Amino acid sequence: MTPAATANVLTPAGIIDLDRYPIDRLDGSEGRAMLDAIRADLRARGACQLPGFLRQEAVDRLVTEATGKRDIAYRTDDVHNVYFEAIDETRPEHALLQHSSKNAIAWDRIDPDSPVRIAYEWDALTTFVGEAFGLPACHRDEDPLGACSLMLFEEGDELGWHFDRAHFVVTLMLQGARHGGEFEFFPNLRTEQDENHEGVRERLTGSRDGVITLVNEPGTLSLFRGHYSMHRVTPVKGGRTRVNAVLAYAEKPGRKLNDLTQKLFYGRTA
Ligand SMILES: O=C(O)CCC(=O)C(=O)O
Ligand SMILES: [Fe+2]
């Protein structure tokens, strides 16, 4: 980065397109209409995408930051089942192994003036996320590693089919792969009351019934209820790294990962 760019710290309005998405004016008529549309989308398919949420300059800076930090990213390459649980061989859908590999840049390695830090720490974004998901309260995670991270998916990297442990996830797409790297999603495949083991097994053995593919445009904010909707990221191909940010929130204040999870995702504790 040039000295001029370093000195030029972006403001929330310079990072997020607040003309298109008035997240700091949720009480106004445009803000209310936006929230209504987002909530309807989340109800209907468990996911909502806001293309052009980040301004181009913020996207460009974040891709430069993330790719520049490849060497301090922590690489994971694992097999797991869709529940991230110890395998129960007596359950077919439980024993079908998935592959995931990616490189994660932890929250404490993200620049003080990084656009993603400024956006994540802006209370208006936190309030907006809570309102979008219809939560009584919404807090940023307080985990020094996992609160908000930058992810790099290189050639062959993917996330196998899974249900998130968290009830909802927020991502920012920064750079799509040339091929693959697509986010595929089975809306509401299970519910709190019904695990739908049969439906899960069918999807893991080839059924595409009900699948949706989300857009991969750089600058898009995605909100999704990944706890009920099985999803994956298809293998990256074509030589361009897929880069995104994952923003973590909780209904209660002070959420942190336990030591085991920190070690698993970031290779250390903090
Ligand atoms: O990289 C993505 O688009 C999805 C991330 C995801 O599924 C997760 O963080 O659990
Ligand atoms: Fe996920």
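Quick notes on this one:
- D (Stokes-Einstein, µm²/s), Kirkwood Cα radius, the stretch 13-266, 1.002 mPa s at 20 °C: 115
- Its alpha carbons give the stretch 1-115 an Rg and a Dmax of 20.0, 61 Å.
- Angle between the chain longest axis and helix 123-132 axis [Cα atoms, degrees, rounded to 10]: 40
- Sparse packing (at most 12 other Cβ atoms within 10 Å of the Cβ) combined with a DSSP loop state is found for the following trypsin sites (Lys or Arg not before Pro) in the stretch 199-270: Arg208, Arg268.
- Close Lys pairs in the chain, defined as Cα atoms under 20 Å apart and 8 or more places apart or on different chains, number 4.
- Over the stretch 123-270 - Rg/Rh using Cα atoms and the Kirkwood inverse-distance radius: 0.97
- Thr213-His167 FRET efficiency (beta carbon distance; Förster radius 22 Å; 0.05 resolution): 0.50
- Computed [θ] at 222 nm, deg cm²/dmol, the chain (DSSP H ≥ 4; -39,500 (n - 2.57); rounded to nearest 500): -7500 deg cm²/dmol
- The alpha carbon centroids of the stretch 165-187 and the stretch 71-137 are separated by 10 Å.
- Across the stretch 192-243, Cα-Cα distances exceeding 12 Å account for 77% of all pairs.
- With K and R counted +1 and D and E -1, the other residues having a Cβ less than 11 Å from that of Val246 yield a net charge of -1.
- Added length on full extension, which subtracts the Cα-Cα distance from 0.36 nm per residue, Asp71 to Ala37: 8.2 nm
- Helix 56-68 vs. the chain, principal-axis angle (Cα, 0 to 90°, nearest 10): 60
A short reminder: the numbers here are calculations on the coordinates, not readings from a lab. It should be emphasised that the depicted structure is a prediction, and the values quoted were computed from it without experimental measurement. As a convention, Cβ positions derive from the backbone with ideal geometry for all residues, glycine included, and neighbour counts pool all protein chains shown.
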